[in-house]
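Asks: First the structure, which I've put down as structure tokens, then a few questions once you've had a look.
The values are calculated or read from the model by the stated rules, or taken from the named source; none is laboratory data. The structure displayed is predicted, hence computed values, not measured ones. So basically every Cβ, Gly included, is an ideal-geometry build from the backbone, and we count neighbours across all protein chains shown. Side chains included, ligands, DNA and RNA excluded: accessible areas come from the protein's heavy atoms. Shrake-Rupley method; radii C 1.70, N 1.55, O 1.52, S 1.80 Å.
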Amino acid sequence: MKFGRDILVLAGCFSIMASPAFACDVGPATAAIGSISQKIQAGQIKRIDLLKISDRLLASIPISPEHFASYASERKTQVLTATDATELAAAVKALAPAQLSYQPDLRWQLVFLDDAGNQLHTIFFSKRYVQGRGRAGYVDGNMCGFITATIGSPALVKWLQKRL
């Protein structure tokens, strides 16, 4: 009887270790958001690439960053003007990372590039209005939810929808 219980406990430990962690380290995510905003204002970020996946695509598992390229259906590039940079920096700065308790199903990838085309930062967003929880995603590899004044799209997604 003791042997069966030990096996059950061991199996439970392995499943916990193998499951993804659903937590946002808010400090580094906030620092990354601040860095992105500063680099945009300083002119270090010259363009952004946006990859999108249709909200109509139903995958058997949530789409994560490593699977994103194989599902992306649309790609656009925006070279930043001075006005774009000012508005984009404000939209990025408005993101407020929060703890997350579920794996987001990603639909947007935003890549921030310098003049030479080097990738400086990356932000991913989930579908819109996923079960009333607003948007979630990743900031430089850190999975987070995003607090917004109104549930739904953060200011950054709204800015992207107007431009791209």
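Asks: Taking only the range 92-126 into account, find how many residues are among the polar types (S, T, N, Q), modelled with pLDDT of 95 or more and open to solvent by 30 Å² or more (accessible area, probe 1.4 Å).
Replies: Adding up the residues that qualify gives 2.
Asks: Among the residues of the range 63-84, write down those that are assigned to a helix (DSSP H, G or I) and surrounded by fewer than 17 Cβ atoms within 10 Å (Cβ to Cβ).
Replies: The first filter runs over the range 63-84 and keeps only residues assigned to a helix (DSSP H, G or I), leaving 65-71, 82-84.
Those that are assigned to a helix (DSSP H, G or I) and surrounded by fewer than 17 Cβ atoms within 10 Å (Cβ to Cβ): Pro65, Glu66, His67, Ala69, Ser70, Tyr71, Ala82, Thr83, Asp84.
Asks: Does the range 130-139 contain any residue that is touching a residue at least 60 places away in the same chain (Cβ under 8 Å), within 17 Å of Arg163 (Cβ to Cβ) and of a type in the set (Phe, Trp, Tyr)? Give the derivation first.
Replies: The first filter runs over the range 130-139 and keeps only residues touching a residue at least 60 places away in the same chain (Cβ under 8 Å), leaving 138-139.
Right, trim to within 17 Å of Arg163 (Cβ to Cβ) and you get none.
Scanning the range 130-139 turns up no residue that is touching a residue at least 60 places away in the same chain (Cβ under 8 Å), within 17 Å of Arg163 (Cβ to Cβ) and of a type in the set (Phe, Trp, Tyr).
Asks: Report yes if Phe146 is in a strand (DSSP E or B) and either under 13 Å from Ile36 (Cα atoms) or at pLDDT 90 or above (or both), otherwise no.
Replies: no
Asks: Now for a different question. Please state which one of Ala32, Ala42, Ala59 is over 20 Å from Lys162 (Cα atoms) and in contact with a His (Cβ under 7 Å, 6 or more places away or on another chain). If you could, list the steps in order and put the result at the bottom.
Replies: On the way: Ala42 fails: in contact with a His (Cβ under 7 Å, 6 or more places away or on another chain); Ala59 fails: in contact with a His (Cβ under 7 Å, 6 or more places away or on another chain).
Sole residue among the options that is over 20 Å from Lys162 (Cα atoms) and in contact with a His (Cβ under 7 Å, 6 or more places away or on another chain): Ala32.
Asks: Another question about this same structure. Would you please name the residue that is modelled with the lowest pLDDT, looking only at residues in the range 127-141 that are open to solvent by 30 Å² or more (accessible area, probe 1.4 Å) and part of a loop (DSSP other than H, G, I, E, B)?
Replies: Filtering first and then ranking leaves Tyr129.
Asks: Which members of the range 61-89 meet the condition of being modelled with pLDDT of 90 or more and of a type in the set (Gly, Ala, Ser)?
Replies: Ala82, Ala85, Ala89
Asks: Out of the range 46-60, which residues are touching a helix residue (DSSP H, G or I) at 6+ places or on another chain (Cβ under 8 Å) and either loosely packed, with under 14 Cβ neighbours inside 10 Å or assigned to a loop (DSSP other than H, G, I, E, B) (or both)? Let's see the steps before the verdict.
Replies: The first filter runs over the range 46-60 and keeps only residues touching a helix residue (DSSP H, G or I) at 6+ places or on another chain (Cβ under 8 Å), leaving 48, 50-51, 53, 57, 59.
Matches in the range 46-60: Ile53, Leu57, Ala59.
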